[in-house]
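Written out below as structure tokens is the structure these notes cover.
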Ligand code: NAI
């Protein structure tokens, strides 16, 4: 039996894993996150299973290595929170779930666009108070507007298709141009500057990498159309939040929909309603009535949870069968071979 310690779990995580046929695997579900302080809970486990806000830095990896953990099974696509070099140094394999449900994330980004554009949350709050006034709730037609899709991988492609369905003109940027896809779907690739200059809505679907960190910053915001809507469902640090706040204050950015925030680890996924928010940047963002924040929930659909659980189980079963490094279908750490 392969023992797996699953960190940062909620009832919905447990429910999704318990419906899988996980022969030969025994899961222990911890509600706490993996951090240097909690790494000790991995003692006696061959595999740790982590999520987006677990800390899998060099220190934690070294501790896991000493405890005999051989595999880090990420139950997400991104692995920017994992120190891969440390994993290679200590011989830990890393697997992930590359695509669990691109429509889930794409549809959430569109939900943010529509809710912001048509002021759904403000309207809902008003009518619940018996206020049926319409002032301040004027939106715009998506039809005919230019939507800039940054990143045309699995999620970006799906978002582009939905936006085309709305009748938007879709401009896309990706360093890897897929002309076939663009032709079939009906969008056009362009350079990033043109996308920034011409888009009424800009939505990000790119991984967090050294060259995508702060992709949205003072300089790039300056290139955007006045009154642009910015959507980020990818990773918080793609956006320099201080620059975003400046853009919102000046009116350059008319609205922002964020499912991710660069310092989200401290707050997202947990109930802090009884505490004071000490993060002044997050607190400032929450004061804008044209900013809509969700707590990294774009993945949170029944379909995505089931897909995450089944791929994670398969990833771990491959490891149990003795596959290592590149032989692991969803391995991200080619040289790891403990
Ligand atoms: P993917 O790997 O299929 O596509 C990413 C695309 O970004 C690729 O086409 C790549 O060429 C492109 N790219 C790389 N560098 C770029 C750059 N500098 N500028 C523009 N494009 C660039 O990834 P997928 O599945 O579409 O996911 C995208 C991101 O969404 C993930 O990396 C993850 O951070 C985020 N995500 C967020 C979730 C949430 O719940 N909020 C859930 C799942 C993923």
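Each value in this text was obtained by applying a stated rule to the coordinates, not by laboratory testing. Keep in mind it's a predicted model, so treat the numbers as computed, not measured. Cβ placement follows ideal geometry from the backbone for every residue including glycine, while neighbour counts extend to all protein chains displayed.
Apply the a/c threshold of 1.5 to the C-alpha gyration tensor of the stretch 176-233 and tell me whether it is rounded, prolate or oblate. Note, shape of the stretch 176-233 comes out oblate.
Let me make sure I get this right: for the stretch 88-212, a, b and c are the square roots of the gyration tensor eigenvalues over alpha carbons, sorted descending. Under 1.5 in a/c it's rounded, otherwise prolate if a/b > b/c, else oblate. Which is it? Cα axes put the stretch 88-212 in the oblate bin. Across the chain, the relative contact order, built from alpha-carbon pairs under 8 Å that are at least six residues apart, equals 18 percent.
The ellipsoid that matches the Cα gyration tensor of the stretch 102-293 has semi-axes, each √(5λ) in whole angstrom, of 27, 20, 16, with the longest given first.
If R0 is 51 Å, the Cβ-Cβ spacing of residue 276 and residue 166 corresponds to a FRET efficiency of close to 0.80. Length gained on full extension, residue 213 to residue 89, computed as 0.36 nm times the residue gap minus the Cα-Cα distance: 42.1 nm. Axis of helix 302-320 versus longest Cα principal axis of the chain: the two differ by about 30°, to the nearest ten degrees. Full extension of the chain between residue 118 and residue 31 gives 27.6 nm of extra length, using 0.36 nm per residue less the Cα-Cα distance. If you find the alpha carbon centre of the stretch 235-265 and of the stretch 268-338, how far apart are they in angstrom? Here the two parts' Cα centres lie 20 Å apart. Considering only beta bridges that DSSP places wholly inside the chain, some 0 percent are antiparallel.
Quick check: the angle from helix 241-250's long axis to the longest principal axis of the chain, C-alpha only, nearest 10 degrees? The angle comes out near 10 degrees. Between the beta carbons of residue 223 and residue 138, assuming R0 = 35 Å, the FRET efficiency works out to 0.85 to the nearest 0.05.
For the chain, the longest principal axis of the C-alpha atoms and the axis of helix 58-67 are separated by about 30°.
For n ≥ 4 DSSP H runs only, could you compute -39500 (n - 2.57) per run for the chain, divide by its residues and tell me the 222 nm figure to the nearest 500?
The helix contribution divided over the chain gives -10000 deg cm²/dmol.
At R0 = 45 Å, how high is the FRET efficiency between residue 286 and residue 178 if r is their beta carbon distance? Nearest 0.05 is fine.
0.75
Note that the chain, at 10 °C in a medium of 1.306 mPa s, gets a Stokes-Einstein diffusion coefficient of 75 µm²/s from its Kirkwood radius over C-alpha pairs.
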